[in-house]
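The structure appears below as structure tokens.
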Amino acid sequence: GPVTNALLYLNNVSVAFDGFRALNGLSLSIDHAEMRAIIGPNGAGKTTMMDVITGKTRPDAGEALFEATHDLTRLDEAAIAQLGVGRKFQTPTVFDMHTVEDNILLALKTDRRPFPVLFSRRTRQEKERIDALLERVRLTGSRDRLASELSHGQKQWLEIGMLLAQEPKLLLVDEPAAGMTDQETADTADLLREIAKTRSVVVVEHDMVFVRDLGVKVTCLHEGSVLAEGSLDAVSSNERVIEVYLGR
Ligand code: ADP
């Protein structure tokens, strides 16, 4: 039977680049409908961990299971995305010259080319899904604007909406609040908490104010494995974490 009930189960994962261990026995579990914040100094292995989860990098050792049964170490990026793993990079990749609404529509129909999609009638079901997604990412009032006219923060939300159109079970987000205003940052924390009511979210984040806002369990990576895990207060008062952040 399965070794875990977790949505994502990483066990003793190692990745070496030219003999250097970017991940060194990393073990981590994410539950269904859990949001987790991943912190750690530069070079700790956060990006490499995301690359392993999405199939961009194949580990040299260890297990990576999705829904207990899918072995992520044997699947390519497309197959892992198909399983329900979505990844948001820091730089938004929206279609600037299309409206907000059309961006969402295009995301709903990844299997088709933009032209036929934009010039065909939207079905009633599509309209309802677009409305719900726009509402969720706080862009209902901007639906007819070009994506190029959105603020930096709104573009980030649009991209989150486009990822949600794919119905991911696990959403990976890299520094979602970078470059945002204080209000946008607070709204983004709310948005991610709403998403995490029904899906799992892994947030890689440097901004500790934002991490506090999220109010979720924190995992601190260092030299490719877990240094500390728990509440932000517990992790940030951990002596080893303090040493690593102060660089002693
Ligand atoms: P973080 O995202 O926490 O800053 P990374 O996962 O990007 O850490 O990197 C972990 C370590 O692995 C770093 O020392 C980095 O230089 C190294 N590294 C990452 N990717 C590669 C690569 N493709 N080739 C060689 N070294 C890499």
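If you go through the stretch 113-135 one residue at a time, do you hit one that is touching a residue at least 60 places away in the same chain (Cβ under 8 Å) and among the small types (Gly, Ala, Ser)?
Our first condition is that a residue be touching a residue at least 60 places away in the same chain (Cβ under 8 Å); within the stretch 113-135, this holds for none.
No, the stretch 113-135 contains no residue that is touching a residue at least 60 places away in the same chain (Cβ under 8 Å) and among the small types (Gly, Ala, Ser).
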Filtered residues of the stretch 17-36 (kept if at negative phi and more than 14 Å from the ligand (Cβ to nearest atom)): SER27, SER29, ILE30, ASP31, HIS32, GLU34, MET35, ARG36
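Looking at the stretch 37-76, which of the residues that are among the basic types (Lys, Arg) and more than 8 Å from the ligand (Cβ to nearest atom) is farthest from LYS217 (Cα to Cα)?
From the stretch 37-76, those among the basic types (Lys, Arg) are 46, 56, 58, 74; that's our starting set.
Going one step further and asking which of them are more than 8 Å from the ligand (Cβ to nearest atom), we end up with 56, 58, 74.
Details: LYS56: 26, ARG58: 27, ARG74: 29 Å.
Per the stated criteria, the residue is ARG74.
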Only unsatisfied item for ALA6, checking (1) free of Cβ contacts under 8 Å to residues at least 40 places away in the same chain; (2) more than 16 Å from the ligand (Cβ to nearest atom), is (1)
Just one of the numbered conditions (1) aromatic (Phe, Trp, Tyr); (2) touching a residue at least 60 places away in the same chain (Cβ under 8 Å); (3) more than 15 Å from the ligand (Cβ to nearest atom) is not true of PHE95; which one? (2)
Can you find, within the stretch 7-36, the residue that is surrounded by the most Cβ atoms within 10 Å (Cβ to Cβ) among those that are under 21 Å from LYS217 (Cα atoms) and acidic (Asp, Glu)? GLU34
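No value in this document is a laboratory result; all are computed from the given coordinates. Just so it is clear, the model here is predicted, and its values are computed rather than measured. Neighbour counts run over all protein chains shown; Cβ positions are idealised from the backbone, glycine included.
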